[in-house]
Each structure stands twice: as C-alpha cells, then as structure tokens.
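Working notes for the structure below.
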Amino acid sequence: MALKLSDYRTQVFNDWCPGCGNFGILTSLQMALVDLAVKPSRVVIISGIGCHGKTPHFVNAYGVHTLHGRALPFAIGIKLANPELEVIVHGGDGDGLGIGAGHFVNTGRRNLDMTYIIHDNGVYGLTKGQASPTLKLGVKTKAMPKPNINEGINPIALALAAGFTFIARSYCYDVGHLKETIKMAVKHKGMALVIVQQWCPTYNEINTKGWYNGEDRIDPVTGKPIPRLYKLEENGYDGVVRKPEDVLPKTVAALTKAFEWDDKIPIGVFYQNELVSTFQERISQRITTYPGTPPAKEIIADNMGEPVTSIKKMLDELKVTG
Amino acid sequence: MKKPVVGEHNAHKIRGDVKPPEKLGIHGTSVAVDQDSCEGDGICISVCPVNVFNWISSPGHATSSKKSDPVNEIDCIFCRACESQCPVRAIKITEL
Ligand SMILES: Cc1ncc(C[n+]2csc(CCOP(=O)(O)OP(=O)(O)O)c2C)c(N)n1
Ligand code: SF4
Ligand code: SF4
Ligand SMILES: [Mg+2]
C-alpha cells in the first residue's frame with residue numbers, strides 16, 4: 001500500500017516555537033520519505049542535542065536522540081551494524097559544527113552511505129540564543145550583549161575539505177526544494193550533507209523570513225524585494241563529478257560558490273562525486289563476509305540464550321601458571 | 001471540525017452557520033479560520049511561511065470588511081505561527 005505523510009507522524013507533543021523553521025525541515029523530511037517509499041521500519045533518524053534534536057520524536061521510524069555533538073558516531077555504528085537501514089542524521093549548527101566538528105570532519109573522510117542534515121539557525125536555540133559557529137563576525141542577535149567576536153565557519157567549504165561526496169544547501173521554508181534535496185541526498189551513494197538555512201523566530205531576528213526574502217532591498221524598477229536565495233541549478237551550475245579529471249575544477253567551483261553570502265546565497269547541490277568508494281565497500285574488501293552477514297545479522301546466542309562466542313581459548317592463553 | 005460541511009470554495013470546506021454577508025462560518029479543515037471572529041488583522045498572512053492565506057473581501061460583515069481565507073490549505077506545514085499570533089484566536093490548526 002502506498003505510504004502517506006501520516007505514516008511518518010507521531011503523536012508526540014511538539015514544543016518547537018510557533019513559526020520555527022524546524023517545522024519546514026520536519027515536513028520536508030516526511031514528504032521525502034513518502035516519495036522515496038521507504039517503509040518506517042527501514043528508517044533510522046538520529047540527532048544530537050538542541051531544538052533540532054527533537055526531530056526523531058516526531059518521525060514515526062526508528063530513532064535515537066543521542067549526546068551533544070555525537071550524533072554521527074552513533075549513526076556510523078548503526079549503519080555499519082545494519083547497512084540495510086536508511087540512516088538520516090539531524091544535527092544543529094552548534095551541535096554539528098561546534099562540539100561535534102571533529103566528528104563532522106572524520107565522517108567526511110569515511111564516506112559511509114548516509115545523510116546528514118544540519119539545521120543552521122545561527123544560534124544555540126535550545127540554550128537561549130547564544131551565537132553558534134555559523135554566525136558571522138560582527139552580527140548581533142537578540143540574546144547577545146555585543147556583536148559576535150568570532151568569524152562564522154563555512155560549513156560547505158569545510159565539508160569539501162573533509163571529503164563529503166554530496167554537499168547541498170536548502171531552505172527550511174522552500175519545502176519543495178528541501179524535499180527534493182533530501183531525496184537526492186538519501187539516494188546519493190556515499191556521505192551526503194544538506195545544510196538547511198533555518199529561521200529561529202525566537203532568537204535570531206537577523207536571518208528572518210524578511211531577510212531571506214530580501215524585504216530590506218527593494219528593486220527600484222519593479223518595486224519588489226530582491227530575494228537573497230537563488231537556485232544553483234537554475235543558473236547553469238552543475239557540481240556533479242562524472243570523471244576523475246572533474247574533481248579539481250568542480251571542487252574549486254563549489255568552493256567559490258560556498259563563499260557567496262549576504263547579497264546572494266546559493267541553494268542546491270554544490271558538489272557530488274559518486275566515484276569515491278564508500279566505507280562499506282572498503283570494509284567488504286577486507287572482510288568478505290560483511291555484506292551478507294553484517295553484525296546485525298550475525299547469530300550471537302544459541303536457542304538457550306547462551307552466547308555462541310567463547311573467549312575461553314583467549315582466557316586460557318592468559319592463564320598465569322607456575 | 002464536528003460541524004457539518006455546508007459548502008466549499010477556494011479548495012477548502014466551509015462549516016457552521018453560513019448566511020452571508022452576516023455569517024461566514026469556519027473556512028478550512030486542517031487550517032480552520034473562524035471568519036466570524038476574524039477582525040482582518042492579517043498577521044497570519046505575514047507570518048505564514050508557505051503562503052496559506054489570502055485576503056477575501058467581506059462587505060457587510062460586523063467584525064471586518066476583509067477576512068483571511070486559507071486558500072492554500074494543502075500547503076500548511078503545521079508550524080502554528082498563525083494560530084499563536086492571531087489576536088482574536090480565530091485560527092485552529094489540526095494535523096490531519
Ligand atoms: C556536552 C554538552 N555541552 C553543552 C550542552 C548545552 N547545550 C545544549 S544544546 C546546545 C547548543 C544547541 O545549539 P544547536 O546545535 O545550534 O541547536 P539548536 O537548538 O539551535 O537547534 C548546548 C551548548 C550540552 N547539552 N552538552
Ligand atoms: S528556540 Fe528557535 S530553533 Fe528552538 S524551537 Fe524556538 S524558534 Fe525553533
Ligand atoms: S500553521 Fe504555519 S504553515 Fe500552517 S497556515 Fe499557519 S502559519 Fe501557515
Ligand atoms: Mg542552532
């Protein structure tokens with residue numbers, strides 16, 4: 001039977017603030033899962049700590065709400081134990097690019113076949129609006145006593161350096177664009193990153209709906225706002241690597257686009273390279289039984305519930321004699 | 001939503017007591033706007049991230065001469081911004 005949006009909903013009370021961009025991300029994710037026709041029993045949603053971290057509670061699928069900054073290591077373990085699962089990780093800009101930045105870089109290198117969605121609202125929403133690592137130098141949001149003294153990190157440039165093989169940006173309330181971007185990320189063979197520009201109407205009064213729509217910049221000719229966001233694919237940009245020689249020029253092109261901000265903010269796929277081997281493929285070369293019997297499918301106990309693995313031989317070797 | 005459906009326009013259902021121009025009823029199902037309470041403030045139109053509402057004129061109605069109408073109800077993503085900001089609490093959001 002065809003899946004419906006309601007198949008991915010739960011009855012858990014949602015306490016995100018009214019108008020929070022997380023609602024757009026949640027709905028886009030659920031719509032993407034419906035379109036991809038993956039059954040809830042095949043999906044795992046993993047999150048770190050922050051407002052974004054509540055996502056698994058609202059999606060009817062397997063889920064783990066993990067530790068601050070540590071969603072990726074949990075996800076890597078789950079994916080390696082059971083590669084048949086569709087693993088989707090939700091992180092915050094603080095969670096994933098502050099405390100979790102080391103995991104971010106090392107997840108890029110591994111190239112597991114998973115999806116990582118970062119809810120980028122420029123603040124630590126859950127802890128009342130401190131500057132997050134993506135907030136730009138000199139910007140002051142309402143909970144900060146003074147403008148930001150640090151420069152903001154560029155997550156797309158960092159992802160390119162780390163080796164993510166699918167790198168895209170989307171927008172929380174362009175639900176159609178975000179849904180399609182999540183679908184591409186899930187279908188991508190390798191580690192996919194989707195940065196979602198997210199409003200936090202409660203603490204970020206700078207990067208608002210009006211700011212993204214360019215309501216402060218009225219075109220003198222048309223009298224209409226000039227939107228800040230524009231779609232890469234509608235501007236003839238193509239970030240897909242099709243042959244090894246494409247890697248360097250496409251990386252440079254993506255990096256150049258990654259530094260556009262303020263007046264013009266690109267959304268869409270910056271870079272995609274499916275020529276890189278996945279971590280699962282690399283493991284399968286070393287452990288030939290891995291694809292057929294990953295850890296989740298291994299028999300670990302006999303019908304009496306006793307472990308089938310015995311470490312007696314190892315212990316015997318360590319026995320102190322004489 | 002318990003009230004019977006009495007009509008349909010702009011791709012949503014209308015419920016309740018409807019005797020235009022004095023009584024306009026409740027417009028929409030998942031985004032239900034009580035157009036008899038609506039005072040035409042318009043905050044829902046400005047806060048809705050996915051443009052669910054549009055103005056509809058209501059000459060001869062006691063509370064206001066224009067009303068918010070959930071013309072793109074199908075696009076609602078249930079963020080509840082409209083429900084929480086409406087000064088007269090005329091909107092009720094229900095995830096269907
Ligand atoms: C180890 C640890 N350090 C600090 C915290 C406090 N803390 C909770 S959420 C958070 C930041 C959340 O910001 P972000 O990841 O951007 O999520 P948002 O709430 O904006 O979605 C911090 C610092 C924590 N929970 N655990
Ligand atoms: S604090 Fe910000 S990010 Fe958190 S739920 Fe509220 S609006 Fe959303
Ligand atoms: S709940 Fe949000 S998306 Fe739905 S109509 Fe209200 S403001 Fe628009
Ligand atoms: Mg944040």
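The values are calculated or read from the model by the stated rules, or taken from the named source; none is laboratory data. Every value quoted in this text rests on a predicted model; they were computed, and no experiment measured them. So basically every Cβ, Gly included, is an ideal-geometry build from the backbone, and we count neighbours across all protein chains shown. Keep in mind that these areas ignore ligands, DNA and RNA; they rest on the heavy atoms of the full protein, side chains included. Shrake-Rupley method; radii C 1.70, N 1.55, O 1.52, S 1.80 Å.
By average Cβ neighbour count within 10 Å, what is the ranking of A:60-66, A:141-147, A:29-35 from highest down?
Highest-to-lowest ranking by the protection proxy: A:29-35, A:60-66, A:141-147.
Please calculate how many Å² of accessible area region A:204-322 carries per residue, with a 1.4 Å probe and no DNA, RNA or ligand atoms counted.
Working: 8420 Å² over 119 residues.
On a per-residue basis, 71 Å².
Just how large is the dipole of region A:237-322 about the Cα centre, in debye to the nearest 20, putting +1 at every Lys and Arg Cβ and -1 at every Asp and Glu Cβ? Don't skip to the answer; put the middle values down first.
Numbers: 11 positive and 13 negative charges, 53 e Å.
Roughly 260 debye for region A:237-322.
Hey, got the dipole for region A:5-283? About the Cα centre, +1 on K and R Cβ, -1 on D and E Cβ, debye to the nearest 20?
Dipole about the Cα centre, nearest 20: 400 debye.
Heavy atoms only, probe 1.4 angstrom, no DNA, RNA or ligands counted: give me B:S58, B:S84 ranked by accessible area, highest first.
Output order, biggest surface exposure first: B:S84, B:S58.
Okay, helix-only estimate at 222 nm for the protein assembly as shown: each DSSP H run of n ≥ 4 adds -39500 (n - 2.57), divide by all residues, round to 500 deg cm²/dmol; what do you get?
-7000 deg cm²/dmol
Taking a cut-off of 24 Å, what percent of all Cα-Cα pairs in region A:5-283 are separated by more than that?
47 percent
Given Cβ point charges of +1 (Lys, Arg) and -1 (Asp, Glu) and nothing else, what value in debye, to the nearest 20, does the dipole of chain B about its Cα centre take? Before the final figure, lay out each step's value.
Working: 11 positive and 12 negative charges, 45 e Å.
So the magnitude is around 220 debye.
What are the semi-axes of the equivalent ellipsoid for region A:183-322, taken as the square roots of 5 times the Cα gyration tensor eigenvalues, largest first, in whole Å?
53, 22, 14
Starting from the Cα of A:L315, step 7 Å along the direction of its Cβ; do the same at A:T289; then give the gap between the two resulting points in nm.
In this crude label model, A:L315 to A:T289 measures out at 2.2 nm.
Once you place label points 7 Å from the Cα toward the Cβ at B:S65 and A:A143, how far apart are they in nm?
Output for this residue pair reads 4.5 nm.
At 1.4 Å probe size, with no ligands or nucleic acids counted, give the accessible surface of A:Y212 in Å², nearest ten.
Near enough 10 Å² of accessible area.
Helix A:71-81 versus the longest principal axis of chain A: what angle, 0 to 90°, nearest 10, using Cα atoms?
40 degrees
Looking at this model, which pairs from A:K136/A:K231; A:K179/A:K243; B:K2/B:K92 are more than 19 angstrom apart at the alpha-carbon? Write out the running numbers ahead of the final one.
Working: A:K136/A:K231 22 Å; A:K179/A:K243 28 Å; B:K2/B:K92 13 Å.
From the list (A:K136/A:K231; A:K179/A:K243; B:K2/B:K92), the Cα-Cα distance tops 19 Å for A:K136/A:K231; A:K179/A:K243.
Tally Lys and Arg at +1 and Asp and Glu at -1 over the other residues with C-beta under 12 Å from the C-beta of A:I167: what net charge comes out?
+3
So for chain B, taking the charge dipole from beta-carbon charges (+1 Lys/Arg, -1 Asp/Glu), which of B:A81, B:V31, B:I45 sits furthest toward the positive end?
B:V31
Quote the accessible area belonging to B:S37 in square angstrom, nearest 10, computed with a 1.4 Å probe and with ligands, DNA and RNA left uncounted.
40 Å²
Between A:V252, A:V44, A:M184, whose Cα lies farthest towards the positive end of the dipole of the protein assembly as shown when Lys and Arg beta carbons carry +1 and Asp and Glu beta carbons carry -1, centred on the Cα centre?
Selected residue: A:V44.
If the cut-off is 19 Å between C-alpha atoms, which aspartates and glutamates fall inside it for A:K39, apart from same-chain ones fewer than 8 positions away?
A:D7, A:E84, A:E86, A:D113, A:E180
Give me the net charge for the shell around B:D17: Cβ to Cβ below 12 angstrom, other residues only, Lys and Arg +1, Asp and Glu -1. Intermediate results must be reported in sequence, preceding the final value.
On the way: positive: B:K3, B:R15, B:K19, B:K23; negative: B:E22, B:D34, B:D36.
Spelling it out: positives minus negatives among the neighbours equals +1.
Could you tell me how far the Cα centroid of region A:282-322 sits from the Cα centroid of region A:176-239, in Å?
That distance is 49 Å.
If you take the beta carbon distance between A:L275 and B:W55 as r and set R0 to 56 Å, what does 1/(1 + (r/R0)^6) give as a FRET efficiency, to the nearest 0.05?
After rounding to 0.05, the efficiency reads 0.60.
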